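So the structure is just underneath, and the comments pick up after that.
The values are calculated or read from the model by the stated rules, or taken from the named source; none is laboratory data. Note that the structure is a prediction, hence the values are computed from the model and not measured. Backbone-built Cβ (ideal geometry, glycine too); neighbour counts: all protein chains shown.
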Amino acid sequence: MTLELGIDTFGDVTNDAAGNPIPYAQVLRNLVAQGVLADQVGLDYIGVGEHHREDFAVSAPEVVLAAIAAQTERIHVGTAVTVLSSDDPIRVFQRFATLDGISSGRAEVILGRGSFTESFPLFGLDLAQYEQLFEEKLELFAAVRQQTPVTWSGSVRGPVVDKSVYPPVEHGLLPAWIGVGGSPESVVRTAKYGFNLMLAIIGGEPERFAPYVDLFHRAIAQFGMPLPKIGVHSPGHIAATDEQAREELWPHHSALMNRLGKERGWGPMSRESFEHEIESGSLYVGSPETVAQKIAKTATTLGLDRFDLKYSNGTLAHEKLMTSIELYGTQVAPRVRELLAD
């Protein structure tokens, strides 16, 4: 099997050597450097997530992606994810069609509802319409993506009557994915539009998502669509040895999870649960060989076309992220492909 290997980041605000947060502007400059390195070491994709909160620096990922595209030659550039519910589908398409032109056909978009809700009050939207906003806007985006005159009406924005949207994508259709966290309804919705499926697996055994992959295959067949791509997004960190990777990641990952846990009612993360997620869950942490073996196993189990490593983890320093990306491209990726070729 041929597996694309990519990286994802939310532009996490990292710390300096003294443990203090670095400026948001520097986080953004560092992120561009990370994308350039990913291209240099041969990775296939970089996804930049959209957030509107204090611990992440990226609220306008297309701008960051354009900067990366201008300094790279091969890597595909996209999101992880674009919060379609609180955006306008036509503007989303226009921004990514523009990015596609700038990058000579390397743009992709991963659409989602977002795991955070800060964008809804920020842009004056009603959280009570959470599901309706996404469903209607996805329908409009799917229509616009076909690059024919659009006529559409719904309840969450004004109608569109026989309008063309510019600029068009230069070749074919804009590659589009939907990020899914584990809802059967979301899997079927993705199949309905023939979009690629990106499974966000951030905890637990990857094997438990096999029924969603099977559901996606069955739904695609029922809708009469050609089979799109299936991918997985999961967090991880790579260092020279297993022990080094775990010790570097632990304080930053646990602090991030505990901060989010306070917001969502989770209990604190223990070192035991951290180790368990590495051993049998969805943390891809360790030496290049350890991480390669785990990625290859997940790819085989779920029949993946892409695996995206969420390499940024809370305040983990830029220098550690750069090392992780370099090892991923130069050692993990070749080993994964070797394992999958056996």
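Out of Ile46, Ile90, Ile110, I need the residue that is under 20 Å from Leu321 (Cβ atoms), among the hydrophobic types (A, V, I, L, M, F, W, C) and in contact with a strand residue (DSSP E or B) (Cβ under 8 Å, 6 or more places away or on another chain). Which one?
Details: Ile90 fails: under 20 Å from Leu321 (Cβ atoms); Ile110 fails: under 20 Å from Leu321 (Cβ atoms).
When all the criteria are applied, what remains is Ile46.
Inspect the stretch 320-332 for any residue being surrounded by 23 or more Cβ atoms within 10 Å (Cβ to Cβ), more than 25 Å from His51 (Cβ to Cβ) and at pLDDT 95 or above and give the result as yes or no.
Among the residues of the stretch 320-332, at least one is surrounded by 23 or more Cβ atoms within 10 Å (Cβ to Cβ), more than 25 Å from His51 (Cβ to Cβ) and at pLDDT 95 or above, which makes the answer yes.
Going by the conditions given, is Glu289 acidic (Asp, Glu), in contact with a helix residue (DSSP H, G or I) (Cβ under 9 Å, 6 or more places away or on another chain) and either over 25 Å from Val32 (Cα atoms) or at pLDDT below 95 (or both)?
It is true that Glu289 is acidic (Asp, Glu), in contact with a helix residue (DSSP H, G or I) (Cβ under 9 Å, 6 or more places away or on another chain) and either over 25 Å from Val32 (Cα atoms) or at pLDDT below 95 (or both).
If I ask for residues that are aliphatic (A, V, I, L, M) and surrounded by fewer than 19 Cβ atoms within 10 Å (Cβ to Cβ), which ones from the stretch 246-258 would you list? Walk me through it before giving the result.
Applying the first criterion (aliphatic (A, V, I, L, M)) to the stretch 246-258 yields 249, 255-257.
Ala255, the sole residue that qualifies.
When the stretch 260-281 is examined, which residues are found to be in contact (Cβ under 8 Å) with a residue 60 or more places away in the chain and either more than 21 Å from the chain's Cα centre (by Cα) or within 17 Å of Val332 (Cα to Cα) (or both)?
Ser280
If I filter the stretch 211-245 down to residues being assigned to a loop (DSSP other than H, G, I, E, B) and not aliphatic (A, V, I, L, M), which single residue comes out as surrounded by the most Cβ atoms within 10 Å (Cβ to Cβ)?
Filtering first and then ranking leaves Pro228.
Contact list please: Cβ distance under 8 Å, first residue in the stretch 174-186 and within 18 Å of Leu227 (Cβ to Cβ) and without any contact (Cβ under 8 Å) to a residue 24 or more places away in the chain, second residue among the aliphatic types (A, V, I, L, M) and assigned to a strand (DSSP E or B), pairs at least six apart or on different chains.
Ser186/Ile178; Ser186/Val180
Which is at pLDDT below 95 and of a type outside the set (S, T, N, Q), of Gly181, Gly194, Gly172?
Only one candidate passes the filter, namely Gly181.
What residue, among those in the stretch 259-297 that are charged (D, E, K, R) and under 17 Å from Ile201 (Cα atoms), is surrounded by the fewest Cβ atoms within 10 Å (Cβ to Cβ)?
Only one residue fits best here, namely Glu279.
Conditions first: (1) under 30 Å from Arg29 (Cβ atoms); (2) aromatic (Phe, Trp, Tyr); (3) free of Cβ contacts under 8 Å to residues at least 12 places away in the same chain. Tyr284 passes all but one, so which condition is the exception?
All conditions pass for Tyr284, except number (3).
Output the qualifying pairs, or none if there are none: Cβ atoms under 7 angstrom, residues six or more apart or on different chains, first residue in the stretch 289-313 and on the phi > 0 side of the Ramachandran plot, second residue assigned to a strand (DSSP E or B) and surrounded by 18 or more Cβ atoms within 10 Å (Cβ to Cβ).
Gly303/Ile230
Here's a check for you: in the stretch 151-186, which residue that is outside any loop (DSSP other than H, G, I, E, B) and touching a Phe, Trp or Tyr at 6+ places or on another chain (Cβ under 8 Å) is farthest from Gly281 (Cα to Cα)?
Checked the stretch 151-186; the qualifying residue farthest from Gly281 (Cα to Cα) is Val160.
State all residues of the stretch 118-169 that are hydroxyl-bearing (Ser, Thr, Tyr), under 25 Å from Ser186 (Cβ atoms) and either surrounded by fewer than 17 Cβ atoms within 10 Å (Cβ to Cβ) or free of Cβ contacts under 8 Å to residues at least 40 places away in the same chain (or both); if no residue qualifies, say none.
Tyr130, Ser153, Ser155
Quick one: how many residues across the stretch 187-210 are assigned to a helix (DSSP H, G or I), free of Cβ contacts under 8 Å to residues at least 40 places away in the same chain and under 30 Å from Gly101 (Cβ atoms)?
Residues in the stretch 187-210 being assigned to a helix (DSSP H, G or I), free of Cβ contacts under 8 Å to residues at least 40 places away in the same chain and under 30 Å from Gly101 (Cβ atoms): 3 in total.
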